[in-house]
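Please read the structure below before turning to the comments.
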Amino acid sequence: MALIAKMAFQVVELTLDADQNVVDRRVIPYPYQTRQEAADAIESVVTSFPQSGYQPDNDSWWAITRDGTTRIRFAIESV
């Protein structure tokens with residue numbers, strides 16, 4: 001009998017500098033059963049930022065902090 005591996009997903013928060021280079025990478029320590037659950041979690045978080053959106057070209061979400069100095073990207077990774 002073959003074992004079926006359950007795929008889990010995690011959310012990664014990337015802090016970017018002015019040139020869009022990653023200066024900090026943080027894994028949010030909670031695995032999601034489905035990609036949709038991870039996407040829903042990100043969409044909930046980005047609503048707390050004054051500016052945010054979805055970037056379809058790299059399948060990620062972005063947000064800018066209230067003071068406008070920091071840009072954050074949220075991505076989903078398989079684990």
Is it true that some residue in the range 62-74 is in contact (Cβ under 8 Å) with a residue 40 or more places away in the chain, touching a Lys or Arg at 6+ places or on another chain (Cβ under 9 Å) and crowded, with 16+ Cβ neighbours inside 10 Å? no
Would you confirm whether any residue within the range 44-58 is touching a strand residue (DSSP E or B) at 6+ places or on another chain (Cβ under 9 Å), crowded, with 16+ Cβ neighbours inside 10 Å and of a type in the set (S, T, N, Q)? yes
Identity of the residue in the range 19-46, within 19 Å of Val79 (Cβ to Cβ) and among the hydroxyl-bearing types (Ser, Thr, Tyr), that ends up modelled with the lowest pLDDT: Tyr30
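The values are calculated or read from the model by the stated rules, or taken from the named source; none is laboratory data. Since the model is a prediction, treat every value here as computed from it, not as a measurement. Cβ: placed from backbone, ideal geometry, glycine included. Neighbour counts: every protein chain shown.
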